[in-house]
Amino acid sequence: MRKNGRLISFRQYKFTDLFFFALVLGLSELLIFCAFKFWFKTAVDKYYVNFMLALSLTVIMRWGWVGGIYAAADGVILCAVQGGSWQSYIIYIIGNACILSVLLLTKFVGKERLRGKWYLTLAYIVTGWVSVNLGLTCAGAAFGGGFGALAAVNFGFGVYGALSLAAAIAVIMVLRRLDGMFEDQKHYLIRQDKERKERARRDEFGDEPIEIDEESVSILKRWDDGLGK
(Lines give C-alpha, C1' and ligand atoms only; values in the text may rest on other atoms or scores of the structure.)
Protein backbone atom coordinates (compact mmCIF):
# COMPACT_ATOMS: atom_id res chain seq x y z
CA MET A 1 0.00 0.00 0.00
CA ARG A 2 1.03 3.60 -0.53
CA LYS A 3 1.00 6.55 1.86
CA ASN A 4 2.00 10.01 0.63
CA GLY A 5 3.37 8.38 -2.52
CA ARG A 6 5.63 5.97 -0.60
CA LEU A 7 5.15 2.21 -0.59
CA ILE A 8 4.72 0.87 2.97
CA SER A 9 3.49 -2.37 4.53
CA PHE A 10 0.24 -2.72 6.44
CA ARG A 11 2.25 -3.25 9.65
CA GLN A 12 4.13 0.02 9.09
CA TYR A 13 0.87 1.83 8.38
CA LYS A 14 -0.69 0.51 11.60
CA PHE A 15 2.38 1.34 13.69
CA THR A 16 2.53 4.89 12.30
CA ASP A 17 -1.17 5.41 12.92
CA LEU A 18 -1.02 4.13 16.51
CA PHE A 19 2.11 6.14 17.24
CA PHE A 20 0.41 9.30 15.99
CA PHE A 21 -2.58 8.83 18.31
CA ALA A 22 -0.28 7.98 21.23
CA LEU A 23 1.64 11.19 20.60
CA VAL A 24 -1.56 13.24 20.47
CA LEU A 25 -2.78 11.61 23.70
CA GLY A 26 0.46 12.36 25.55
CA LEU A 27 0.68 15.95 24.30
CA SER A 28 -2.96 16.68 25.10
CA GLU A 29 -2.55 15.36 28.66
CA LEU A 30 0.60 17.45 29.14
CA LEU A 31 -1.07 20.56 27.73
CA ILE A 32 -4.13 20.16 29.96
CA PHE A 33 -1.94 19.62 33.03
CA CYS A 34 0.08 22.77 32.30
CA ALA A 35 -3.05 24.77 31.57
CA PHE A 36 -4.64 23.95 34.92
CA LYS A 37 -1.37 24.25 36.81
CA PHE A 38 -0.28 27.64 35.48
CA TRP A 39 -3.31 29.37 33.94
CA PHE A 40 -6.53 28.04 35.49
CA LYS A 41 -5.47 27.22 39.03
CA THR A 42 -8.80 28.21 40.59
CA ALA A 43 -10.85 26.09 38.16
CA VAL A 44 -9.03 22.77 38.55
CA ASP A 45 -10.99 21.78 41.66
CA LYS A 46 -14.33 22.50 39.97
CA TYR A 47 -13.92 21.69 36.30
CA TYR A 48 -11.74 19.36 34.25
CA VAL A 49 -11.66 18.38 30.59
CA ASN A 50 -9.78 15.45 29.10
CA PHE A 51 -9.49 14.07 25.56
CA MET A 52 -8.86 10.43 26.49
CA LEU A 53 -12.45 9.45 25.64
CA ALA A 54 -12.30 11.01 22.18
CA LEU A 55 -8.90 9.52 21.31
CA SER A 56 -9.43 6.05 22.80
CA LEU A 57 -12.88 5.64 21.24
CA THR A 58 -11.44 6.68 17.88
CA VAL A 59 -8.59 4.17 18.17
CA ILE A 60 -11.05 1.43 19.16
CA MET A 61 -13.11 2.24 16.06
CA ARG A 62 -9.97 2.15 13.89
CA TRP A 63 -8.05 -0.77 15.42
CA GLY A 64 -10.20 -2.50 18.05
CA TRP A 65 -9.09 -3.47 21.57
CA VAL A 66 -5.79 -1.57 21.29
CA GLY A 67 -7.73 1.57 22.20
CA GLY A 68 -8.12 0.17 25.72
CA ILE A 69 -4.34 0.44 26.18
CA TYR A 70 -4.55 4.15 25.36
CA ALA A 71 -7.27 4.62 27.97
CA ALA A 72 -5.29 2.79 30.67
CA ALA A 73 -2.10 4.66 29.69
CA ASP A 74 -3.92 7.97 30.07
CA GLY A 75 -4.81 6.98 33.64
CA VAL A 76 -1.15 6.23 34.37
CA ILE A 77 -0.04 9.58 32.88
CA LEU A 78 -2.71 11.40 34.86
CA CYS A 79 -1.62 9.81 38.15
CA ALA A 80 2.06 10.44 37.37
CA VAL A 81 1.73 14.16 36.64
CA GLN A 82 -0.56 14.73 39.61
CA GLY A 83 1.43 12.62 42.07
CA GLY A 84 -1.27 10.02 42.70
CA SER A 85 -0.99 7.19 45.22
CA TRP A 86 -0.51 3.56 44.21
CA GLN A 87 -4.24 3.05 44.80
CA SER A 88 -4.96 5.81 42.29
CA TYR A 89 -2.93 4.00 39.63
CA ILE A 90 -4.95 0.82 40.12
CA ILE A 91 -8.27 2.70 40.16
CA TYR A 92 -7.56 4.59 36.93
CA ILE A 93 -6.12 1.61 35.08
CA ILE A 94 -9.13 -0.56 35.93
CA GLY A 95 -11.68 2.18 35.44
CA ASN A 96 -10.28 3.42 32.15
CA ALA A 97 -9.95 -0.11 30.78
CA CYS A 98 -13.72 -0.44 31.17
CA ILE A 99 -14.00 1.64 27.99
CA LEU A 100 -13.54 -1.67 26.15
CA SER A 101 -17.21 -2.40 26.86
CA VAL A 102 -17.92 -0.54 23.59
CA LEU A 103 -16.49 -3.57 21.78
CA LEU A 104 -19.86 -5.21 22.45
CA LEU A 105 -21.44 -2.48 20.32
CA THR A 106 -18.89 -2.89 17.54
CA LYS A 107 -19.55 -6.63 17.56
CA PHE A 108 -23.35 -6.72 17.71
CA VAL A 109 -24.24 -3.42 16.01
CA GLY A 110 -21.25 -3.22 13.66
CA LYS A 111 -18.69 -0.49 13.15
CA GLU A 112 -20.18 0.65 9.86
CA ARG A 113 -23.62 1.21 11.39
CA LEU A 114 -22.09 2.91 14.43
CA ARG A 115 -20.21 5.44 12.33
CA GLY A 116 -22.90 5.78 9.68
CA LYS A 117 -25.74 7.00 11.92
CA TRP A 118 -25.12 10.01 14.15
CA TYR A 119 -27.38 8.72 16.92
CA LEU A 120 -25.53 5.37 16.99
CA THR A 121 -22.23 7.24 17.11
CA LEU A 122 -23.61 9.22 20.05
CA ALA A 123 -24.70 5.99 21.78
CA TYR A 124 -21.18 4.60 21.22
CA ILE A 125 -19.61 7.66 22.88
CA VAL A 126 -22.02 7.73 25.81
CA THR A 127 -21.53 3.99 26.40
CA GLY A 128 -17.77 4.50 26.63
CA TRP A 129 -18.23 7.48 28.96
CA VAL A 130 -20.62 5.67 31.30
CA SER A 131 -18.41 2.56 31.36
CA VAL A 132 -15.28 4.50 32.32
CA ASN A 133 -16.93 6.51 35.08
CA LEU A 134 -18.82 3.53 36.45
CA GLY A 135 -15.57 1.55 36.48
CA LEU A 136 -13.77 4.39 38.29
CA THR A 137 -16.60 4.65 40.81
CA CYS A 138 -16.65 0.91 41.54
CA ALA A 139 -12.86 0.68 41.76
CA GLY A 140 -12.73 3.72 44.05
CA ALA A 141 -15.47 2.26 46.27
CA ALA A 142 -13.48 -0.98 46.51
CA PHE A 143 -10.64 1.03 48.07
CA GLY A 144 -12.92 2.57 50.67
CA GLY A 145 -14.47 5.55 48.91
CA GLY A 146 -18.16 6.36 49.12
CA PHE A 147 -19.95 5.06 46.03
CA GLY A 148 -22.45 7.93 45.87
CA ALA A 149 -19.88 10.66 46.42
CA LEU A 150 -17.52 9.15 43.84
CA ALA A 151 -20.32 8.79 41.29
CA ALA A 152 -21.34 12.44 41.79
CA VAL A 153 -17.79 13.58 41.09
CA ASN A 154 -17.03 11.21 38.22
CA PHE A 155 -20.28 11.76 36.34
CA GLY A 156 -20.29 15.47 37.22
CA PHE A 157 -17.19 17.53 36.53
CA GLY A 158 -14.51 14.98 37.35
CA VAL A 159 -11.57 14.08 35.12
CA TYR A 160 -13.75 12.20 32.63
CA GLY A 161 -16.98 13.96 33.56
CA ALA A 162 -19.48 16.07 31.65
CA LEU A 163 -16.91 18.37 30.01
CA SER A 164 -14.87 15.42 28.78
CA LEU A 165 -18.05 13.86 27.38
CA ALA A 166 -18.86 17.10 25.54
CA ALA A 167 -15.30 17.22 24.14
CA ALA A 168 -15.56 13.59 22.97
CA ILE A 169 -18.88 14.24 21.24
CA ALA A 170 -17.55 17.35 19.49
CA VAL A 171 -14.31 15.69 18.32
CA ILE A 172 -15.83 12.42 17.14
CA MET A 173 -18.78 14.04 15.38
CA VAL A 174 -16.26 16.03 13.34
CA LEU A 175 -13.99 13.03 12.70
CA ARG A 176 -16.86 10.86 11.44
CA ARG A 177 -17.40 13.37 8.62
CA LEU A 178 -13.77 13.08 7.47
CA ASP A 179 -13.08 10.20 5.10
CA GLY A 180 -11.43 7.29 6.88
CA MET A 181 -10.83 9.01 10.23
CA PHE A 182 -13.59 7.33 12.27
CA GLU A 183 -13.61 4.01 10.43
CA ASP A 184 -12.19 0.54 10.84
CA GLN A 185 -8.88 0.80 9.01
CA LYS A 186 -9.00 -2.62 7.38
CA HIS A 187 -12.41 -1.74 5.97
CA TYR A 188 -11.13 1.70 4.93
CA LEU A 189 -8.09 0.35 3.08
CA ILE A 190 -10.13 -2.32 1.30
CA ARG A 191 -12.70 0.32 0.32
CA GLN A 192 -9.97 2.62 -0.97
CA ASP A 193 -8.49 -0.20 -3.05
CA LYS A 194 -11.88 -1.03 -4.59
CA GLU A 195 -12.51 2.64 -5.40
CA ARG A 196 -9.05 2.95 -6.98
CA LYS A 197 -9.64 -0.10 -9.17
CA GLU A 198 -13.06 1.19 -10.15
CA ARG A 199 -11.60 4.55 -11.18
CA ALA A 200 -8.91 2.77 -13.21
CA ARG A 201 -11.52 0.60 -14.95
CA ARG A 202 -13.59 3.65 -15.84
CA ASP A 203 -10.59 5.52 -17.19
CA GLU A 204 -9.65 2.53 -19.37
CA PHE A 205 -13.00 1.56 -20.79
CA GLY A 206 -15.10 4.67 -20.62
CA ASP A 207 -17.97 4.17 -18.22
CA GLU A 208 -17.64 7.91 -17.97
CA PRO A 209 -17.42 10.09 -21.12
CA ILE A 210 -13.90 10.95 -22.27
CA GLU A 211 -13.26 14.53 -23.36
CA ILE A 212 -11.58 14.79 -26.79
CA ASP A 213 -10.27 18.08 -28.14
CA GLU A 214 -11.28 19.40 -31.59
CA GLU A 215 -7.97 18.49 -33.23
CA SER A 216 -8.32 14.85 -32.16
CA VAL A 217 -11.92 14.80 -33.41
CA SER A 218 -10.73 16.12 -36.79
CA ILE A 219 -7.99 13.45 -37.01
CA LEU A 220 -10.44 10.70 -36.10
CA LYS A 221 -12.93 11.99 -38.67
CA ARG A 222 -10.30 12.00 -41.46
CA TRP A 223 -9.21 8.50 -40.42
CA ASP A 224 -12.82 7.32 -40.47
CA ASP A 225 -13.38 8.92 -43.88
CA GLY A 226 -10.32 7.14 -45.22
CA LEU A 227 -11.64 3.79 -44.04
CA GLY A 228 -14.93 4.43 -45.79
CA LYS A 229 -13.34 4.82 -49.20
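The values are calculated or read from the model by the stated rules, or taken from the named source; none is laboratory data. Keep in mind that what you see is a predicted model, and the values were worked out from it rather than measured. Note: ideal-geometry Cβ built from the backbone for every residue, glycine included; neighbour counts use all protein chains shown. SASA here: full protein model, heavy atoms, side chains in, ligands and nucleic acids out. Shrake-Rupley method; radii C 1.70, N 1.55, O 1.52, S 1.80 Å.
Summary of computed values
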| quantity | calculated |
| --- | --- |
| Residue list for segment 47-61, restricted to those being assigned to a helix (DSSP H, G or I) and either under 11 Å from residue 96 (Cβ atoms) or open to solvent by 10 Å² or more (accessible area, probe 1.4 Å) (or both) | 52, 53, 55, 56 |
| Every pair of residues 6+ apart whose Cβ atoms lie under 6 Å, when the first sits in segment 79-103 and is hydroxyl-bearing (Ser, Thr, Tyr) while the second is buried (at least 16 other Cβ atoms within 10 Å of the Cβ) | 88/79; 89/79; 92/75; 92/79; 101/131 |
| Test: residue in segment 63-70 that is at pLDDT 95 or above, assigned to a helix (DSSP H, G or I) and open to solvent by 50 Å² or more (accessible area, probe 1.4 Å) | yes |
| Residue 183, sole failed condition from (1) over 27 Å from residue 21 (Cβ atoms); (2) surrounded by 16 or more Cβ atoms within 10 Å (Cβ to Cβ) | (1) |
| Residue list for segment 126-161, restricted to those being over 22 Å from residue 28 (Cα atoms) and outside any helix (DSSP H, G or I) | 143, 144, 145, 146 |
| From the options 144, 128, 116, residue that is of a type in the set (Gly, Ala, Ser), within 25 Å of residue 14 (Cβ to Cβ) and open to solvent by 20 Å² or more (accessible area, probe 1.4 Å) | 116 |
| Selection status of residue 168, without any contact (Cβ under 8 Å) to a residue 60 or more places away in the chain, assigned to a helix (DSSP H, G or I) and not acidic (Asp, Glu) | no |
| Restricting segment 76-96 to residues that are open to solvent by less than 10 Å² (accessible area, probe 1.4 Å) and either among the hydroxyl-bearing types (Ser, Thr, Tyr) or modelled with pLDDT of 95 or more (or both), the residue that is farthest from residue 171 (Cα to Cα) | 95 |
| Lone unmet requirement of (1) open to solvent by less than 10 Å² (accessible area, probe 1.4 Å); (2) within 16 Å of the chain's Cα centre (by Cα); (3) of a type outside the set (D, E, K, R) for residue 110 | (1) |
